[in-house]
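Contents: one structure, followed by commentary.
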Ligand code: NAD
Ligand code: MG
């Protein structure tokens with residue numbers, strides 16, 4: 001039996017992971033399931049999968065979690081420290097599907113136990129790529145990409161030599177506003193940005209798709225994970241979201257991963273890797289699909305992409321600043337405090353500020369420094385927005 005844990009089990013990726021594991025209960029021993037406010041879902045899944053422990057990130061939800069687990073053998077715990085302790089329980093395979101920088105530390109703890117870490121939480125590599133890769137190496141742990149683009153690239157690279165790779169092409173749906181006139185973007189509301197044309201995902205990544213901050217994070221994730229240079233990574237808008245990404249080799253060949261927009265492709269590949277197993281996903285009928293279209297992203301529509309390029313050039317802790325400022329700007333947009341286009345200007349200003357702070361971005365990439373930088377960048381992004389509002 002494989003021991004598995006799911007961090008962020010109640011979210012969109014988490015629920016898809018629960019779905020795959022619940023289809024074959026005799027193959028898995030579930031160690032920890034973690035969630036947030038949705039303790040009803042967390043408790044139901046913990047009972048169904050007979051988890052050892054259910055963790056809620058928020059202490060105020062411990063009582064309801066306990067109540068929902070009464071009469072079962074599942075332990076209930078709460079808070080950030082309990083989350084890290086649950087992450088330290090031995091497991092063979094761990095899904096990292098918490099949203100935001102909060103996913104970094106539990107993932108690092110799992111790698112330190114030597115667990116295979118299936119990484120949906122892209123922020124982990126954006127904030128602390130070198131540290132995470134080094135931790136995996138030191139503990140002989142595998143790190144497997146779950147973002148659909150990175151899973152596609154990873155699969156296209158099986159049996160290949162990375163030195164034969166000329167370029168990597170990340171596909172992007174273009175998000176909710178891909179066809180809006182540019183003049184309307186400033187007025188876009190959180191509800192409008194939360195409608196993804198193709199994928200069903202958590203609200204934060206859906207809004208990040210509309211602004212392309214999601215693709216921006218993925219550019220950095222690609223650089224960190226595959227070790228290619230920034231000018232080898234391209235972004236291509238592909239409205240149908242069926243080609244999940246492509247790898248271009250030195251003989252001119254392009255290898256693409258094509259499939260339905262269903263995250264169980266990437267989650268299942270990481271779950272069964274290095275094997276392939278039957279997955280409950282739609283088999284594409286390409287005659288019915290009939291057409292696939294591609295276009296270059298417009299720079300003016302997606303300023304987040306050039307900010308990501310700036311971050312890749314800068315290196316060091318610039319990714320931690322970028323992500324922290326983006327998370328704060330996204331919170332403010334969701335709360336109706338800033339407009340859609342203000343998100344990229346807040347992030348841009350935060351990057352300029354960080355660049356001018358002596359030693360901030362160039363500090364050694366330790367967990368302490370990542371935490372400190374994350375904290376300072378959040379503070380600065382709040383101050384920027386308060387100044388604007390005032
Ligand atoms: P979601 O919002 O649906 O779920 C997030 C999960 O994290 C929930 O279980 C929530 O309770 C938990 N959580 C939130 N804040 C937390 C905190 N501070 N501490 C501990 N737990 C916390 O998000 P999602 O769409 O499933 O995305 C999860 C991660 O996977 C993100 O990093 C996202 O970018 C990435 N991802 C998602 C998709 C997708 O299809 N949804 C695709 C690719 C990558
Ligand atoms: Mg993706």
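Collect the residues in segment 283-324 that are surrounded by fewer than 12 Cβ atoms within 10 Å (Cβ to Cβ) and modelled with pLDDT of 95 or more, keeping them in residue-number order.
Correct list: 283, 285, 286, 287, 288, 290, 291, 293, 295, 296, 313.
Kindly check whether there is at least one residue in segment 73-92 that is in the same structural domain as residue 107 (by TED's automatic domain parsing) and either closer than 26 Å to residue 262 by Cβ or within 16 Å of ligand 2 (Cβ to nearest atom) (or both).
There is at least one residue in segment 73-92 that is in the same structural domain as residue 107 (by TED's automatic domain parsing) and either closer than 26 Å to residue 262 by Cβ or within 16 Å of ligand 2 (Cβ to nearest atom) (or both).
Checking residue 167 against (1) outside any helix (DSSP H, G or I); (2) at pLDDT 95 or above; (3) closer than 27 Å to residue 103 by Cβ, which test does it fail?
For residue 167, the exception is condition (3).
Just to verify a result, which residue in segment 190-206, among those that are more than 14 Å from ligand 2 (Cβ to nearest atom) and touching a residue at least 60 places away in the same chain (Cβ under 8 Å), is farthest from the chain's Cα centre (by Cα)?
For segment 190-206, the residue satisfying everything is 190.
What residue, of 10, 34, 17, is within 21 Å of residue 202 (Cα to Cα), in contact with a strand residue (DSSP E or B) (Cβ under 6 Å, 6 or more places away or on another chain) and within 16 Å of ligand 2 (Cβ to nearest atom)?
Within the list 10, 34, 17, the selection yields 17.
Can you go through 152, 156, 130 and tell me which one is within 14 Å of ligand 2 (Cβ to nearest atom) and more than 24 Å from residue 55 (Cα to Cα)?
152
Might you check whether a residue that is farther than 30 Å from residue 345 by Cβ, touching a helix residue (DSSP H, G or I) at 6+ places or on another chain (Cβ under 6 Å), part of a helix (DSSP H, G or I) and within 16 Å of ligand 1 (Cβ to nearest atom) occurs anywhere in segment 143-153?
Yes, there is a match, as at least one residue in segment 143-153 is farther than 30 Å from residue 345 by Cβ, touching a helix residue (DSSP H, G or I) at 6+ places or on another chain (Cβ under 6 Å), part of a helix (DSSP H, G or I) and within 16 Å of ligand 1 (Cβ to nearest atom).
Being in contact with a helix residue (DSSP H, G or I) (Cβ under 8 Å, 6 or more places away or on another chain), closer than 30 Å to residue 368 by Cβ and away from ligand 1 (no atom under 14 Å from the Cβ) is true for just one of 77, 132, 53, 126. Which residue is that?
It is 53.
The values are calculated or read from the model by the stated rules, or taken from the named source; none is laboratory data. No experiment lies behind these values; they were computed from the predicted model shown. All Cβ positions, even for glycine, are placed from backbone atoms using ideal geometry, and neighbour counts span all protein chains on display.
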